[in-house]
Every structure is written in C-alpha cells, then in structure tokens.
Amino acid sequence: MFEGIQNVPRIPELRRRLGFTLMMLAVYRIGVAIPTPGVNGQAMSDYFAAASGTALDMVNLFSGGALERFSIFALGIMPYISASIILQLMTLVVPYLEQLKKEGEQGQKKITQYTRYGTVILALIQGLFISLGLEQIQTPNGGLVVAVGGWPFRLMTMLTLTAGTSFIMWIGEQISERGVGNGISLIIFAGIVASLPSALVTTFSYVRQGELGPLQLLVLAVLMALTIAAIIFIERGQRRIPIQYAKRVVGRKMYGGQATHLPLKVNTAGVIPPIFASSLLIFPATIAQFAPVPFVQNIADYLNPGGLSYNIVYVIGIIFFCYFYTAIVFNPQDVAENLQKFGGFIPGIRPGKRTAEYIDRILTRLTLGGALYVALICVLPTVLIAQFNVPFFFGGTALLIVVSVAIDTVAQMQAHLIQRNYEGFMKKGKIRGRR
C-alpha cells in the first residue's frame, strides 16, 4: 500500500500539494487555540471535566479540542456536514435540486453554493443556542462561564462561531482542490489525531494511579490493533465482476476482445456513513447540552454516547447512510449503459437492463456486508472501552476515520505518482504519426 511513497519528495507538484495540505492543517490547529471573546476558558474546562462521558466528548473529539477551549472553531466542521446531508436528501424530493445534480459540474457547483448557505444558517442557529446555554452554566466550583451576557454576547458568539466554521469549510475546500486528499475528512482526521498525545498521557497516569490495570491496558492495545487490521483488510477488499469486450473490426484492424473486471468495494461509502450519523446525533445533543430546558435535556440523556438507545440509533443511521451514499456515488444503470456503449458485457448476462439489475443485486448485498462491518467497527470497540472505563473518548468511529482517511490519502498520492510516471513516459517517448 505504501509502495513508492518514498518518491514523493522527488516530484515538485506532489511536494507542493503535500506542503500546502500540511500548511492548511497547521492554520486549522492554530485557530483551535484562539479563544472566543467573552468566555472564561478555565471555567469552560472545569465544566467539561465535570461533563465527561456525555455527547460533548464526541463533539470535542471531532473538533480537535476546540469545543473544550471554546475557540473560534468550537463548532468544527459539523454544520457543513449536516448541511450536506440535508441537501443530498433534498435532491431526492426537490425536482430543481435533482435536475441540478444531473447537470454535471455546473450543477454540482450550484449545490455546493447552497450547501455553504445552509452551513451558515445552521452555524448561526447552533451559535445562538450555545450562547444562551453558556449564560446559564455554572461550574462545580460555582464559577460562571460567561461573566457578562445579553444580546451583545450572543451576537458576538454567533458571528464568531459562524465565521470560524465558514473558515474551516474554506480550508477543507482548498485542501481538496490544491492539496492531497479530501479536505473535510483530513480536518476531522487532524482533530482526532491531535487529541491522541494528551489521551495517552492521561491513560498512563491512570495506570500509575492504579485506576486502570496493566492487563486492561494490554487488552485495549490488542483490541485497537485488531480493529486497525480489520479496517485495513476490509477497506481494501473488492468484489470483482468479470467484464468481456466484444471484438470489433474497424477498417482493417480488429479491436476489443479483452477480459477485465469491474471492482466493487466492500465499503463503497467509506467513512461518510459514521460521520453523517454522528453529525445527526451530535447536532441535537450539542444544543441540548447547553439549553436549560428539561425536555431538551432528556434528549441529551437519551442520545448519550455508549448508551443502548444511542448505539441502536447510531447503527440504524450508519446502515441507512451506507445505502444512501452508495446510491449517490455509484449508479448501476449508468455503468450498464457505458459497458453496452463500448461493447462490454458480463459473461452470461444480457447487456442493458439485465446487466444493471445484476450489478445492483451484487452491490446491494455487498453494501449490507459493508454497512454491518462499519456498524460493528464503530459500536463494538466503543462499548468495550466504556466497560473498561477508559478516561478518554476514542472508540471505533475515530479509529475507522483515522485509518480510512490515511488509506485514501496514500492512495491519492500513489495516483499522482502513477500519473507522473505516465507523463514522463509520454515526454520521453518518440511518437511519430504518418505524414
């Protein structure tokens, strides 16, 4: 998988792309340390220490610790993800958006623009609820998180958090366009990885204090290693459908006749389903955690990570988004039409509609296996870690995101290397046409 990566520094374009990606991620991490005006940082840390084990732990993990510090990036990228989910769901029921989706690149630009507008609206709503909740929060020591509240503070918080989320969204788009890898996924990846050093230090301090036994630590390490191995094995797994191309005679030459395959990944949707499902669960839980309303607080308790109700809703959300996102990125009807257009067919299957049905049937079964795998990876380690009382929130969802994003980024780097080799071959080769 990592073959040829050592040649990355030798290629100027890839070196620039990698440097740009690292620079953007560094800017993001600097922004995490910039506090929001009007909030007592120490009181906020005390409140998070007392609220350990709630949905705020997952929000804080995905934001790279920005929520705990209540920095300008406290909302993270989750409003953008929530807006993306809403827009993609609306393309199924709104004819105008469905037509935009079919218009190719121009239509996608329009949908992206609407997603940005939705991100700003959701960030403003979240910022308002969070600012209202912050005014009511008292730390266990009796301190106030907000010394001076009122509408000036609320408006300042809304504008600051919305600007921070918009800037993160811009960073993600710039990485996707001018860097290496998917920008949004890399931002979440950077936030999770940034929390690892402090989590490891805290874990070993618990071992020294006797609150976490060496045997438990060993079991956790083995569990994490097995989970990583399973993720790498299945993420690279494929179901290959044989494809045969008919022979065609054009002039005096014969074309076609090759045998190839159509690769279908076991997990076509990648890390999108757990991110989407987490975002939907985090959005109401974040508002509920700061809103002093009994009914909303009950929702927060119901959606507490590690609980039975949370895990059931989480698994259902993962399975739904696995099928939903796979249907968006892979259309069996289009694949069947392209095969028929270029003279390709699946042995034993008639071209056209029958081919599309055959591919759809295989993809449906494959997606079910992939969805169950993602749900198992995201839920089972989290449940086991909760049983061991691990002093930080780093379950299967975080592992899946970190490993999958790393695999995808390395794959993109290899694609750039292969493209570079082909370009070098074309430049060095002497191709002469008839005159």
request  = Look through region 280-332, keep the residues that are of a type in the set (Phe, Trp, Tyr) and at pLDDT below 70, and return whichever of them is nearest to Thr397 (Cα to Cα).
outcome  = Phe283
request  = Taking only region 109-123 into account, find how many residues are surrounded by fewer than 13 Cβ atoms within 10 Å (Cβ to Cβ) and either at pLDDT below 85 or charged (D, E, K, R) (or both).
outcome  = 1
task = Determine whether Gln136 is at pLDDT below 85, in contact with a Phe, Trp or Tyr (Cβ under 9 Å, 6 or more places away or on another chain) and part of a helix (DSSP H, G or I).
result = no
task = Go through the residues of region 87-101 one by one and say whether even a single one is at pLDDT 75 or above, over 24 Å from Tyr314 (Cα atoms), out of contact with any helix residue (DSSP H, G or I) (no Cβ under 8 Å at 6 or more places or on another chain) and among the acidic types (Asp, Glu).
result = yes
request  = Identify all residues within region 345-362 that are closer than 26 Å to Tyr323 by Cβ and not in a loop (DSSP other than H, G, I, E, B); write none if there are none.
outcome  = Lys353, Arg354, Thr355, Ala356, Glu357, Tyr358, Ile359, Asp360, Arg361, Ile362
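Do the conditions hold for Thr162, that is, is it crowded, with 20+ Cβ neighbours inside 10 Å, out of contact with any Asp or Glu (no Cβ under 7 Å at 6 or more places or on another chain) and not basic (Lys, Arg)?
In short, yes.
Yes/no matrix, rows are residues, columns are (1) crowded, with 20+ Cβ neighbours inside 10 Å; (2) without any contact (Cβ under 8 Å) to a residue 12 or more places away in the chain; (3) assigned to a helix (DSSP H, G or I):
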residue: Ser166; (1), (2), (3): no, no, yes
residue: Gly181; (1), (2), (3): yes, no, no
residue: Ile184; (1), (2), (3): yes, no, yes
residue: Pro197; (1), (2), (3): no, yes, yes
ask   = On the given criteria, is Ile349 surrounded by fewer than 18 Cβ atoms within 10 Å (Cβ to Cβ), at pLDDT 85 or above and within 19 Å of the chain's Cα centre (by Cα)?
value = no
note = Considering region 62-86, residues that are out of contact with any Ser or Thr (no Cβ under 6 Å at 6 or more places or on another chain) and modelled with pLDDT of 85 or more, and then whichever is surrounded by the most Cβ atoms within 10 Å (Cβ to Cβ), we arrive at Phe73
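The values are calculated or read from the model by the stated rules, or taken from the named source; none is laboratory data. Just so it is clear, the model here is predicted, and its values are computed rather than measured. Every residue, glycine among them, receives a Cβ derived from its backbone with ideal geometry; neighbour counts consider all protein chains shown.
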